[in-house]
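Asks: Can you read through this structure? Questions will come right after.
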Amino acid sequence: MAIYNPNRYNWLTKFYQYMVIWLLFTPVYYIFYRLKVYGKENIPKDKKPFIVMPNHLSNNDPPLISLVLKIPVAYMAKKELFSVPFIGWAITILGAFLVDRENVSKTTIKGAKEVLNKGWCLGMFLEGTRSKVPQSLGKPNIGPAYISNLTGVPILPIGIVGSNKPFGPIKVKIGKLFYPERDLDKAKWQCAEKLTELTGFKVSER
């Protein structure tokens, strides 16, 4: 299991991300999935870390977002994925680390903070899992807002449409950096509104 290990966030992991995601997946997404990206001007250019907050439709989403942003991103991934043959190995060498959604530990929170302190961006899906209702957002969780408030790092909202469809087309819309409300209950719905604006999807349950 890939519990957070600070030694993994080095030039070698960045190299793996570059080789696997940017070189291998670029032709796949742009040719076969007909990828269109909007809002590239909103990607920060100052190289300061931020929290990447997309909606979640499919297992394609993490490499898709890393490809679009063209920067190293460390994703928080549910523990079950690390037990899946090949996928567990692949997401580990690409910089993902484990989060137990039913028992978030101090180690996980510490890992998220240290990833950001090392200058990496942190990938956190607002829903925490793939949306189960087509054309909708799943119930938002407080994770991105909590880590943002804890670290003072802003959130970059990213809307994904079509990644759950065979051969797309996929549209990715990048919003503007923002800081969430301090009240976490208000903040999670603020985050959901940002993704609704980008995708047109509304939250399917409250």
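The values are calculated or read from the model by the stated rules, or taken from the named source; none is laboratory data. Small disclaimer: the values here were computed from a predicted structure and weren't measured. So basically every Cβ, Gly included, is an ideal-geometry build from the backbone, and we count neighbours across all protein chains shown.
Asks: Go through (1) without any contact (Cβ under 8 Å) to a residue 60 or more places away in the chain; (2) among the hydroxyl-bearing types (Ser, Thr, Tyr); (3) over 21 Å from GLN17 (Cα atoms) for SER148 and report which single condition fails.
Replies: That leaves (1) as the condition not met.
Asks: Can I ask one more? Considering only the stretch 55-66, I want to know if a residue exists there that is over 11 Å from the mean Cα position of the chain (by Cα), in a loop (DSSP other than H, G, I, E, B), modelled with pLDDT of 85 or more and not hydrophobic (A, V, I, L, M, F, W, C).
Replies: yes
Asks: May I ask you to verify whether THR196 is among the hydroxyl-bearing types (Ser, Thr, Tyr), out of contact with any helix residue (DSSP H, G or I) (no Cβ under 9 Å at 6 or more places or on another chain) and in a loop (DSSP other than H, G, I, E, B)?
Replies: The answer is no for THR196.
Asks: Kindly establish whether ASN117 is in contact with a Leu (Cβ under 9 Å, 6 or more places away or on another chain), closer than 18 Å to ILE51 by Cα and among the polar types (S, T, N, Q).
Replies: Taking the combined requirement at face value, the residue does not satisfy it.
Asks: Still on this structure: How many residues are of a type in the set (Gly, Ala, Ser) and within 12 Å of the chain's Cα centre (by Cα) if we restrict to the stretch 67-94?
Replies: Residues in the stretch 67-94 being of a type in the set (Gly, Ala, Ser) and within 12 Å of the chain's Cα centre (by Cα): 2 in total.
Asks: Name every residue in the stretch 23-54 that is within 24 Å of GLN135 (Cβ to Cβ), over 17 Å from the mean Cα position of the chain (by Cα) and part of a loop (DSSP other than H, G, I, E, B), in order of residue number.
Replies: Within the stretch 23-54, TYR33, ARG34, LEU35 qualify.
Asks: Right, something else. Here are GLY159, GLY168: which of them is assigned to a loop (DSSP other than H, G, I, E, B), of a type in the set (Gly, Ala, Ser) and either touching a residue at least 12 places away in the same chain (Cβ under 8 Å) or more than 23 Å from PRO44 (Cβ to Cβ) (or both)?
Replies: Only one candidate passes the filter, namely GLY168.
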